[in-house]
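Note sheet for the following structure.
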Amino acid sequence: MNLPMLTFIIVFLTLFSGLNFYIGWRGWQAFGRFFPAGYDAVYWIAFALLAFSYLLGRLGNKYLPESLSVGLSVIGAYWLAAMVYLVLSLVAIDLVRLANSWLHFLSAGTRNLAPLTGLAVVLLVAGIVGYGAWNSRQPRLTHYDITINKPAGELRELYAVMVSDIHLGNIIHNGRLIDMTDRINSLNPDIILLPGDIIDENIGPFVEQRMPDTFRQLKSKYGIYAVFGNHEYIGGHADEAKELLEGAGVTVLRDEVREVAGSFYVAGRDDHAKNSFGGAGRLPLAQVLDGADRSLPLILLDHQPSQLAEARSQGVDLQLSGHTHRGQLFPFNLVTGRIFETDWGYLRQGDYQIVVSCGFGTWGPPIRTGNHPEIVDLTIRFQEPPWGKGDRPGFYNPRLPN
C-alpha cells in the first residue's frame, strides 16, 4: 500500500470515527437518562456496530456469511445518509447553543428539553432519509437536443439514450435493472450509451442475479456501447465484467474507437482509476483516436468529466460522462459543482459539447436528496451532406474530400 493511500485511509477513519462519536455522545446526552443504570456500555457497543456496519459489510464480504455481509452493508448504507443529516442538525443546534451563551435569547427551561430536541432531530432525519430513499427509485427522463456541425453520411438524426452510474450490486439489484431496461426499450432508441460505473465493485451479485440476461433484453438499432468507471476497477474484476457484458450484447470500449453504420464514431476511454487499480494507465486520447476520420461526427464516452481541454483539442463533437452523481446528497452537490467544470447538464465550448448525467443508481446510501435519478435521451442532428436535401448522386464517400 502506497503512502498517499495509507494517509487517506488514516485521515478518513479518524474523521469518520470522530463524527460518529459526536453523534453518539449527543445521542447519549439526549436519551441516556432512559437507559437502566450500567447500560451505557450496551448503548456504545450497539452504536459502534451501527456506525461501522457499512465498512464491516463491505470489507468483510470475504470472511462473513453472505447474508450477514449484505445485511450489514444495506443497514450501513442507510446510516451513512442519516449520519450526514444528523451531523448537520447537531452542528446547527450547537451553534444556536453557542450563540445563546453570548446573547441569552433562550429561556433557562429549554435546557430540560434535550429528549424532545433529540426526538425532533431523529424524526427530521428519518423523514429526510425516507424521502431520499423514495426519490432514488423515481428516475426522470432528461432530454437534450444536440446539433453536430458535421455530416454523418446519409444519417440526418440519431436518437440516443444514455444511462450512467447504475451501480449494480446488492443494493441496486436486478429488479431495478429490469425497470431500467423496460424504460429504455419504451423509448425505442437508435443507440444506447453507458458511460461507466455499471457494476458496483463486487461482480458476484451481477452473476448470481443473472443480470447479463436482463441486458440481453435491451433493444436498439445500432447497439449498446459502454465504458468502465472507477468502480469496475476498484472491484478488481474489469476483465470479467467486460466478458460478461459483451456476452450480453454490450460493446465495452477500453481506449478504443468504433465506426458505426459508416456514419459516426463512438470512442470509449478507460477510467482514471485504471492507474491505481488496473495496472497501466489509460492511453492519451490522441492515440485512442488514431486512424479515425475526423470529418465524421465523434461521440466520446468518458466516465469522469475531467480534462475537457484534451477532448476539445482532439476534435470530439460530443462527450457523455457521469461519475459526479451531482453530489447525490445535499449539500454535496455544492462540492461537486466546485470540483468539476460541469457536474451536471449540458456545456458547449465551440464545436465541443458535453452532457454529464447525475446517474440512474446510487453509490453507498440508496438515497438521493440533492437531485433526481435520470435516464438521458438525446436527439442528435447532423449537418446536411454535400448533396443537400435533393436527390443523392450516384456515389458519395464521406471520407473523401469534396
Rounded to the nearest 5, the percent of antiparallel DSSP beta bridges in the chain equals 35 percent
To the nearest 10 degrees, the tilt of helix 238-247 (Cα long axis) against the first principal axis of the alpha carbons of the chain is 60 degrees
In degrees, nearest 10, the alpha-carbon axis of helix 40-51 is tilted away from the dominant principal axis of the alpha carbons of the chain by 0 degrees
For Leu19, placing the label point 7 angstrom along Cα-to-beta-carbon and taking the range 325-348, residues whose amide nitrogen sits under 18 Å are 325-339
Taking Cα atoms, the helix 3-31 axis meets the longest principal axis of the chain at an angle in degrees (rounded to 10) of 40 degrees
Leu6 and Arg381 label points (each 7 Å along its Cα→Cβ direction) are spaced in nm at 5.9 nm
Quick note on Val87, Val42, ordering by fewest other C-beta atoms within 10 Å, gives Val42, Val87
Assertion target for Thr117, Thr362, ordered by fewest C-beta neighbours within 10 angstrom first, is Thr117, Thr362
Here the gain from full extension of Ser306 to Tyr63, 0.36 nm per residue of separation minus their alpha-carbon distance, amounts to 83.8 nm
Residues of the range 161-202 with backbone N under 15 Å of the label point set 7 Å from the Cα of Lys219 along Cα→Cβ are 181-192
Residue-ordered couplings for the range 373-385, obtained by feeding phi - 60° into the Karplus form 6.51 cos²θ - 1.76 cosθ + 1.60 and rounding to whole Hz (Gly and Pro as x), are x, 8, 10, 9, 10, 10, 9, 9, 9, 10, 5, 4, x
Among the range 260-282, those whose backbone N falls under 13 Å of a label point 7 Å along Cα→Cβ from Asp239 are 278-280
Here the gain from full extension of Ser295 to Arg137, 0.36 nm per residue of separation minus their alpha-carbon distance, amounts to 52.8 nm
Result: in the chain the number of Lys pairs with C-alpha under 28 Å apart, spaced 8 or more or on different chains, is 9
Fewest-first ordering of Phe382, Phe12, Phe228 by Cβ atoms within 10 Å yields Phe12, Phe382, Phe228
Distance in Å, no decimals, from the C-alpha centre of the range 268-298 to the one of the range 1-33 is 39 Å
For Ala286 and Glu208, extending 7 Å from Cα along the Cα-Cβ vector and measuring point to point gives, in nm, a value of 4.8 nm
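Values quoted throughout were computed directly from the atomic coordinates according to the rules given, and no laboratory measurement underlies them. Not measured: the values here are computed from a predicted model. Backbone-built Cβ (ideal geometry, glycine too); neighbour counts: all protein chains shown.
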